[in-house]
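In what follows, a structure is listed as structure tokens, so that the remarks can point back to it.
The values are calculated or read from the model by the stated rules, or taken from the named source; none is laboratory data. From a predicted model like this one, the values you see are computed outputs, not experimental measurements. Cβ: placed from backbone, ideal geometry, glycine included. Neighbour counts: every protein chain shown.
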Amino acid sequence: MAKAYWLFKSDPEDFGVAELKKCKNKTSLWDGVRNYQARNLLRDKIKVGDGVLFYHSQEKPPAVVALAKVVRAGYPDPTQFDKRSKYYDPKSTHEDPRWFVVDIRHERDLKRPVTLPEIRETPGLDKMVLVNRSRLSVQPVRPDEYKIIVKMGQST
């Protein structure tokens, strides 16, 4: 199966790339998404080895800041069962979990952030989900789009 690419949005004040890099082996579960579109992707589509554009959504301007890799495919989000968690969901059961997560590992920071305004203006990125349906927290990225953004992020 061919490697897939994704853009994961994260609020840097909640859990940004700096926090990911502090985790053991620079690896963490990726959670905080509570919508069915993202749940279905996390549960069924995102696989080990897939590439991730780590996107800070609440920056001014928002930007892709790092690259990550999926190291564990979708599994039930353990926080949905924890009554002390802000993600606790009393309707979710171990037999029928409602929410899923994947584990990602930080690969490297980009030399410079690739901002949303730049992405919007770059040829070849005009059909990107981020440009056309930017509210999605987990988005597929075509291989050619991924390569363009990585190249942009490596320039100074």
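From the list ASP96, ASP103, the lone residue that is farther than 17 Å from ILE46 by Cα and charged (D, E, K, R) is ASP96.
A single entry from GLY49, GLY16 fulfils the requirement of being within 13 Å of the chain's Cα centre (by Cα) and among the small types (Gly, Ala, Ser): GLY16.
The residues of the range 141-156 that are of a type outside the set (Gly, Ala, Ser) and either in contact with a Ser or Thr (Cβ under 9 Å, 6 or more places away or on another chain) or assigned to a loop (DSSP other than H, G, I, E, B) (or both), listed by number, are ARG142, ILE148, ILE149, MET152, THR156. Candidates are the residues of the range 42-80 that are at pLDDT below 95, of a type in the set (Asp, Glu) and out of contact with any Gly (no Cβ under 8 Å at 6 or more places or on another chain); the one that is surrounded by the most Cβ atoms within 10 Å (Cβ to Cβ) is ASP77.
One line per residue, one yes/no per condition, for (1) under 28 Å from LYS22 (Cα atoms); (2) assigned to a strand (DSSP E or B); (3) of a type in the set (Lys, Arg):
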{"position": "ARG108", "(1), (2), (3)": "yes, yes, yes"}
{"position": "LYS111", "(1), (2), (3)": "yes, yes, yes"}
{"position": "GLY124", "(1), (2), (3)": "no, no, no"}
{"position": "LEU130", "(1), (2), (3)": "yes, no, no"}
{"position": "GLN139", "(1), (2), (3)": "yes, yes, no"}
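Evaluated against (1) outside any strand (DSSP E or B); (2) of a type outside the set (Ser, Thr, Tyr); (3) touching a strand residue (DSSP E or B) at 6+ places or on another chain (Cβ under 8 Å), LYS91 falls short on exactly one condition, (3). Inspect all residues belonging to the range 106-120 and state whether any of them is β-branched (Val, Ile, Thr) and closer than 14 Å to ASP50 by Cα. Taking every residue of the range 106-120 in turn, none turns out to be β-branched (Val, Ile, Thr) and closer than 14 Å to ASP50 by Cα. Anything in the range 81-125 that is hydrophobic (A, V, I, L, M, F, W, C) and either surrounded by fewer than 13 Cβ atoms within 10 Å (Cβ to Cβ) or free of Cβ contacts under 8 Å to residues at least 60 places away in the same chain (or both)? List them, or say none. Hits for the range 81-125 are PHE81, LEU110, VAL114, LEU116, ILE119, LEU125. Of the residues in the range 11-32, at least one is touching a Leu at 6+ places or on another chain (Cβ under 7 Å) and of a type outside the set (Gly, Ala, Ser). Counting just the residues of the range 1-46 that are of a type in the set (Phe, Trp, Tyr) and free of Cβ contacts under 8 Å to residues at least 40 places away in the same chain, which one comes out farthest from ASN132 (Cα to Cα)? Top of the filtered list is PHE15. Taken as a whole, the condition of being crowded, with 16+ Cβ neighbours inside 10 Å, among the basic types (Lys, Arg), under 13 Å from the mean Cα position of the chain (by Cα) and farther than 24 Å from GLN154 by Cβ applies to ARG39.
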